[in-house]
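Below is one structure, written out as structure tokens; the observations come after it.
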Amino acid sequence: MRRTILIAGLLFIFLAPLSSYSLQISQIEFDLHLAPGSSSSYSFLVINNESRAQEVTVYLNDWIRTPQGDTDFLPLNDARWLLLRQFKAGERIDIIYRITPPFSGVTVSGSYTTGSPTSHGEIGGPSDLSSPEGGTQSPAIDVPVRVTRSITPSSEVPGALRVRLTIEALQDFTGLRIDEVFSSHVSVESIDAAGGTFDTVARSNGDWITVSPKKFTIEGGKTQEVTFTVQVPSTGVNGTYWGAILIQGSPRKVEREGATVLAVERFGVKVYVTITGTEILSGRVTSVRKVSLEPLTFTVTFENTGNVQLRPKGSIQIISQTGETVRTIPIEEFPVLPGAVQTVTVKDPSTDPLAPGIYRALVAIDYGGENLAGGTRDFRVK
């Protein structure tokens with residue numbers, strides 16, 4: 001999958017390892033099954049397809065999969081809020097979240113980004129979760145917004161902390177992204193997202209992974225081995241955890257829509273770690289919708305209620321009023337992370353229209369558990 005983001009003249013391209021690009025990696029995914037307390041090392045190759053040398057940086061990231069199946073990368077140990085609306089000068093709102101132990105020795109650094117006008121700044125307030133006092137105030141000069149953090153003990157959960165991010169609009173602007181990045185993984189629960197959306201990775205394995213080398217020069221036509229070690233905690237882990245190792249090459253000039261921009265190739269190597277002996281396979285179909293009749297198209301929404309990544313597949317049987325199955329539409333395999341919801345679009349490969357009448361779409365999903373997950377949707381063809 002390729003994602004392109006254009007920011008201030010710098011073009012970031014997230015690419016699959018295709019030989020047509022200047023960098024290539026030998027393996028884009030590791031699906032590991034490890035015991036608690038174990039330590040194992042693995043490696044992959046970075047290949048430079050260009051004649052020029054490249055400076056390569058290796059770092060760790062979190063990522064989520066959107067309900068549509070796209071990969072969305074986040075900074076390691078990040079909590080993110082997106083408010084895609086207009087703000088008026090003088091407006092003041094609060095984002096509230098809760099952190100549960102252990103967070104001893106953990107610090108947080110926050111930042112904000114606005115859409116229009118574009119600006120970027122740091123969140124003021126205390127950063128040490130062990131002694132949440134003091135801190136600095138974010139500057140309010142020539143910026144559209146000020147964001148300040150305050151931390152108090154939680155009255156709802158003993159031992160937890162309640163964090164308030166106060167957003168003050170200093171002028172009119174549109175679009176706001178808030179990132180709170182922690183020095184190590186903590187459990188973050190969004191209490192009030194102020195009407196925005198909230199994303200974080202509850203099952204990140206980024207803190208378990210060490211990578212070597214983190215920076216290197218790779219000559220044209222050469223390869224470089226990258227090794228990473230996974231150290232699984234001995235207690236408190238179950239199911240599947242995930243993260244990504246990002247490989248970033250040197251900037252290079254490319255032509256895009258009549259302009260010359262700097263392009264950076266970044267490759268994500270996904271690392272899944274499943275704790276052996278703790279797997280719970282569970283899932284359910286939460287929605288079946290008919291989208292169109294020509295061609296016959298449905299959307300099926302599946303929720304992973306277990307603790308491991310699932311790769312469901314199945315079928316939709318189209319049943320007439322007489323009980324006859326007049327058509328069977330396959331549902332191709334799709335991945336769903338634990339706790340996630342995935343929506344897939346299913347199209348009938350047949351070009352023959354259904355005869356007028358009332359039908360039932362019967363969905364059967366095999367996700368690897370003891371039972372199938374199912375759902376139905378009745379519809380009429382006139």
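The values are calculated or read from the model by the stated rules, or taken from the named source; none is laboratory data. These figures come from a predicted structure and were not determined experimentally. As a convention, Cβ positions derive from the backbone with ideal geometry for all residues, glycine included, and neighbour counts pool all protein chains shown.
Here is a check on your reading of the model: is Leu262 within 22 Å of the chain's Cα centre (by Cα) and in contact (Cβ under 8 Å) with a residue 24 or more places away in the chain? Spell out how you get there, then give the answer.
On the way: within 22 Å of the chain's Cα centre (by Cα): no; in contact (Cβ under 8 Å) with a residue 24 or more places away in the chain: yes.
No.
If you scan segment 177-209, which residues turn out to be part of a loop (DSSP other than H, G, I, E, B), surrounded by fewer than 18 Cβ atoms within 10 Å (Cβ to Cβ) and among the hydrophobic types (A, V, I, L, M, F, W, C)?
Of the residues in segment 177-209, the ones part of a loop (DSSP other than H, G, I, E, B) are 183-186, 193-196, 201-203, 205.
Now drop any that are not surrounded by fewer than 18 Cβ atoms within 10 Å (Cβ to Cβ), which leaves 183-184, 193-195, 202.
Correct list: Ala193, Ala194, Ala202.
Does any residue of segment 186-200 turn out to be assigned by TED's automatic domain parsing to the domain that holds Asp128, farther than 19 Å from Thr166 by Cα and among the small types (Gly, Ala, Ser)?
Yes, that holds for at least one residue.
Can you list the strands (runs of 3 or more DSSP E) lying wholly within segment 311-382 that have 1 or more residues being more than 35 Å from the chain's Cα centre (by Cα)? Steps first, answer last, please.
Working: elements: 313-320, 325-331, 341-347, 357-366, 373-381.
In segment 311-382, 313-320, 325-331, 357-366, 373-381 are the strands (runs of 3 or more DSSP E) which contain 1 or more residues that are more than 35 Å from the chain's Cα centre (by Cα).
Could you go through segment 267-278 and let me know if any residue there is at pLDDT below 95, in the same structural domain as Val56 (by TED's automatic domain parsing), assigned to a strand (DSSP E or B) and surrounded by 16 or more Cβ atoms within 10 Å (Cβ to Cβ).
yes
Quick check: is even one residue across segment 66-76 closer than 28 Å to Asn304 by Cβ, of a type in the set (Phe, Trp, Tyr) and either part of a strand (DSSP E or B) or out of contact with any helix residue (DSSP H, G or I) (no Cβ under 6 Å at 6 or more places or on another chain) (or both)?
So in segment 66-76, the residues closer than 28 Å to Asn304 by Cβ come out as 66-76.
Filter once more, so that each one left must be of a type in the set (Phe, Trp, Tyr): 73.
Narrowing the set further to residues that are either part of a strand (DSSP E or B) or out of contact with any helix residue (DSSP H, G or I) (no Cβ under 6 Å at 6 or more places or on another chain) (or both) leaves 73.
Taking every residue of segment 66-76 in turn, at least one turns out to be closer than 28 Å to Asn304 by Cβ, of a type in the set (Phe, Trp, Tyr) and either part of a strand (DSSP E or B) or out of contact with any helix residue (DSSP H, G or I) (no Cβ under 6 Å at 6 or more places or on another chain) (or both).
Working only within segment 279-305, note down all residues that are small (Gly, Ala, Ser), part of a strand (DSSP E or B) and in contact (Cβ under 8 Å) with a residue 60 or more places away in the chain. Full working, then the answer.
The first filter runs over segment 279-305 and keeps only residues small (Gly, Ala, Ser), leaving 282-283, 287, 292.
Applying the additional criterion that residues be part of a strand (DSSP E or B) yields 283, 287, 292.
Those that are small (Gly, Ala, Ser), part of a strand (DSSP E or B) and in contact (Cβ under 8 Å) with a residue 60 or more places away in the chain: Gly283, Ser287.
From the list Ala244, Ala263, exactly one residue is among the hydrophobic types (A, V, I, L, M, F, W, C), surrounded by 12 or more Cβ atoms within 10 Å (Cβ to Cβ) and under 20 Å from Val308 (Cα atoms). Which is it?
On the way: Ala263 fails: under 20 Å from Val308 (Cα atoms).
Testing whether each residue is among the hydrophobic types (A, V, I, L, M, F, W, C), surrounded by 12 or more Cβ atoms within 10 Å (Cβ to Cβ) and under 20 Å from Val308 (Cα atoms) leaves just Ala244.
Kindly list the number of the only condition in (1) in contact (Cβ under 8 Å) with a residue 12 or more places away in the chain; (2) part of a loop (DSSP other than H, G, I, E, B); (3) out of contact with any Lys or Arg (no Cβ under 9 Å at 6 or more places or on another chain); (4) farther than 30 Å from Trp242 by Cα that fails for Val308.
(4)
Give just the number: which of (1) of a type outside the set (Phe, Trp, Tyr); (2) in contact (Cβ under 8 Å) with a residue 60 or more places away in the chain; (3) surrounded by 14 or more Cβ atoms within 10 Å (Cβ to Cβ) does Ser119 not satisfy?
(2)
Okay, residues lined up against (1) surrounded by fewer than 17 Cβ atoms within 10 Å (Cβ to Cβ); (2) under 14 Å from Glu294 (Cβ atoms); (3) modelled with pLDDT under 95:
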{"position": "Glu324", "(1), (2), (3)": "yes, no, no"}
{"position": "Pro330", "(1), (2), (3)": "yes, no, no"}
{"position": "Glu333", "(1), (2), (3)": "yes, no, no"}
{"position": "Gly357", "(1), (2), (3)": "yes, no, no"}
{"position": "Ala361", "(1), (2), (3)": "no, no, no"}
{"position": "Gly369", "(1), (2), (3)": "yes, no, yes"}
{"position": "Ala373", "(1), (2), (3)": "no, no, no"}
{"position": "Thr376", "(1), (2), (3)": "yes, no, no"}
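Looking only at segment 68-82, which residues are over 18 Å from Val188 (Cα atoms) and surrounded by 14 or more Cβ atoms within 10 Å (Cβ to Cβ)? Please lay out each step first, then the result.
Taking segment 68-82 as the starting set, the residues that turn out to be over 18 Å from Val188 (Cα atoms) are 68-72.
Once the filter is applied, which keeps residues that are over 18 Å from Val188 (Cα atoms) and surrounded by 14 or more Cβ atoms within 10 Å (Cβ to Cβ), segment 68-82 yields Gly69, Thr71.
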